[in-house]
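This report concerns only the one structure given below.
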Amino acid sequence: MFAISLGDDGAELRPLEPFHAEEFLAHMDRGREFVGQHIGLADAVADLDSAAAYLRSYAEKAANDTGRLYGIWTGGTLVGGVLFRTFDAAYGTAEAGCWLEPSAAGKGLITRACRVIIDWAIEERGIHRVEWYASTKNEPSVAVARRLGMTKEGVLRENYPYRGVRADTEVWAVLAPEWRAAKAEAS
């Protein structure tokens, strides 16, 4: 298995696979309330069977080239993850997403991990457009989209029914030429 360093703090990005089900569930138990503020992952991963099923679903997506799932580890502990919820190489589009337990928040881990996977998608796989969807109330997620150089394209009003409430969703995206220009400017 590979691990990609996310910086000098020892954080690593690795594939999150079905054999990680127990570790994934323990991680979700530590961060369930925090993660569950804005996304359904905390509700979907409630026990070992559902944790394994979620990881298997992404293993199948990876095998079918329709999604990817990566964990973020610090000090040998799974603390969050990033993913391509959707991935369509033929159309050149993908939707990136993330989650993090509270102990790892505010350290730039999501931004660093997303830079790795977005760069891979654009440079290695030819993805032209990477999208990011975030609840309008999820300020940290919106801040990640900004740090990634994405453009806010609009708000989907009351499109996401979550825990009995319809939430608004901001749509952000970065296009391959914009990504490359920002990389060149940062060099």
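Some notes on this structure:
- Inverse mean reciprocal Cα-Cα distance (Kirkwood Rh) of region 1-51, Å: 12.2
- Taken one residue at a time, the phi angles of region 76-91 give Karplus couplings (6.51, -1.76, 1.60, θ = phi - 60°) of x, 10, 5, 10, x, x, 10, 7, 9, 4, 10, 8, 10, 5, 5, 8 Hz. Gly and Pro are set to x.
- With both labels modelled 7 Å from their Cα along Cα-to-Cβ, the residue 160 to residue 90 distance reads 2.8 nm.
- Cα gyration tensor shape of region 70-160, rounded if a/c is under 1.5, else prolate or oblate by comparing a/b with b/c: oblate
- The portion of the accessible surface of region 44-187 made up by carbon and sulfur, rounded to a whole percent, is 51 (1.4 Å probe; DNA, RNA and ligands excluded).
- Shape call, region 33-187: gyration tensor on alpha carbons, a/c limit 1.5: rounded
- Vicinal HN-Hα couplings computed from phi for region 62-71 (Karplus, 6.51 cos²θ - 1.76 cosθ + 1.60; Hz; Gly/Pro x): 4, 4, 8, 6, 10, x, 8, 9, 10, x
- Under the Karplus curve 6.51 cos²θ - 1.76 cosθ + 1.60, θ = phi - 60°, whole-Hz ³J(HN,Hα) for region 35-48, x wherever Gly or Pro sits: 4, x, 4, 10, 10, x, 4, 4, 7, 6, 10, 9, 8, 4
- Within a Gaussian network of the chain (alpha carbon springs, distance under 10 Å), most fluctuating of 149, 92, 76: 76
- For the chain, the solvent-accessible area with a 1.4 angstrom probe is 50 square angstrom per residue.
The values are calculated or read from the model by the stated rules, or taken from the named source; none is laboratory data. Keep in mind that what you see is a predicted model, and the values were worked out from it rather than measured. Reconstructed Cβ throughout: ideal geometry from the backbone, glycine too, with neighbour counts over all protein chains shown. In case anyone asks, the SASA skips ligands and DNA or RNA and just uses the protein heavy atoms, side chains included. Shrake-Rupley method; radii C 1.70, N 1.55, O 1.52, S 1.80 Å.
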